[in-house]
1. Using each residue's phi in the range 131-145, evaluate 6.51 cos²θ - 1.76 cosθ + 1.60 at θ = phi - 60° and report the 3J(HN,Hα) Karplus result to the nearest Hz, with x for Gly and Pro.
2. Cut-off is 10 Å between beta-carbons; in what order do D286, D172 appear when sorted fewest neighbours first?
3. Arrange K183, K116 by Cβ neighbour counts within 10 Å, fewest through most, would you?
4. Which value, to two decimals, describes the C-alpha radius of gyration of the range 84-192 once divided by 2.2 N^0.38 Å?
5. Using the count of nearby Cβ atoms within 10 Å as a rough guide to exposure, how do T77, T67 rank from fewest to most?
6. Need the full-extension length gain, V270 to E194, defined as separation in residues times 0.36 nm minus the C-alpha distance. One decimal, nm.
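Nothing in this text is a laboratory measurement; each read-out follows from the coordinates by a stated rule. Since the structure is predicted, the reported quantities are computational estimates derived from the model, not experimental observations. Cβ atoms come from the backbone with ideal geometry, glycine included; neighbour counts cover every protein chain shown.
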Amino acid sequence: MSYGDQSMGACSMGAGRHNRDTTPGPSLNQVNLSQHWSPGQNLHHSQVANELHARAAPLPSAAQNGTFPFFKCGVPTPYSFPGVSRSYGNGTFCGTLVVTPPKNTSDPCAKADLRKIEVNINPACDVKNTIVKATINGVPITVSPSFFVPAGAPQGSVALRLTQLGLGLGNDGDNICITLSAKTPGANACTNLESLCQAPPGAPPGTCVAALVDTTLRCCAINEVRPVEVIPVRPPPRLTCLYMHPVPTAAAGTPFKADSKFCQKGMGIVRGIILPQFATMGTVLDERVTPFFNCSETVINMCWAFNSSAEGAKLQA
């Protein structure tokens with residue numbers, strides 16, 4: 001797993017601070033004890049408490065087997081992160097969300113949303129000194145990511161939560177990214193997936209285990225995201241421009257002036273002569289920049305961007 005955006009919400013975990021998801025569960029007036037409590041019957045407080053817990057808990061706990069995500073998870077959900085995560089070399093890791101709705105429209109999770117993503121964190125990770133930012137398609141998520149201690153989990157367990165994502169069946173192909181950085185320079189922070197994620201037994205370091213959960217907490221799937229494919233960060237494009245500034249001389253009978261027709265003709269020259277000449281010489285241009293031609297009555301300029309300085313040097317050969 002999106003994006004080194006300075007405007008993204010940041011999170012860090014302080015000592016003794018736990019962040020909790022505020023997804024509502026059933027209220028007490030939704031819990032019906034009539035089948036177990038007849039008028040005149042005296043129930044001990046602990047019996048009532050046990051009954052409320054059994055009836056009101058949205059999901060049975062799975063903490064007794066000590067496995068992530070420490071609650072019942074495994075009902076098919078339409079969401080997954082297949083393949084590997086991508087790294088951009090600046091602490092940013094991204095994954096592409098794939099939405100595959102079940103063929104059976106009566107499936108209880110056929111219309112499930114994706115409210116939150118929880119990631120199993122390496123207990124050795126220094127979460128107090130680690131800052132996490134997250135984006136979806138480059139836009140910071142609504143609620144800052146947070147580290148937390150899962151209820152009922154074994155001692156030392158930590159998870160990372162991205163919640164209130166607001167994603168649905170129409171978000172297939174969305175790019176979800178996290179950016180990791182140290183809270184203070186030189187801090188022993190977890191700035192890569194190898195140090196951040198608790199890889200499952202037998203999996204290579206950097207494998208992250210994530211639980212993708214809907215609003216009801218009943219549609220949930222565990223997804224393994226394999227180690228990263230490193231994508232070099234490209235520097236911003238650098239324009240190369242050719243300027244022409246005709247200077248009047250005594251020999252010139254009429255001062256040069258470029259009208260709109262001449263400018264349109266100039267763009268045709270760029271497209272029809274100069275760019276094909278680049279291609280003939282094997283020079284590769286930066287696809288992020290569309291070559292352009294501008295002119296006024298006294299100045300003409302043509303601009304483009306080479307894919308690298310080495311490509312530009314080909315014209316000097």
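1. 9, 10, 10, 9, 9, 10, 6, x, 9, x, 5, 5, 10, 4, x
2. Values: D286 19, D172 15.
Fewest to most other Cβ atoms nearby, the residues stand as D172, D286.
3. Details: K183 15, K116 21.
The most exposed by this proxy come first: K183, K116.
4. Numbers: Rg = 15.8 Å, N = 109, 2.2 N^0.38 = 13.1 Å.
Relative to the 2.2 N^0.38 Å estimate, the range 84-192 comes out at 1.21.
5. Numbers: T77 26, T67 15.
The order, fewest Cβ neighbours first, is T67, T77.
6. Working: separation 76, 0.36 × 76 = 27.36 nm, distance 4.91 nm.
Roughly 22.5 nm would be gained on extension.
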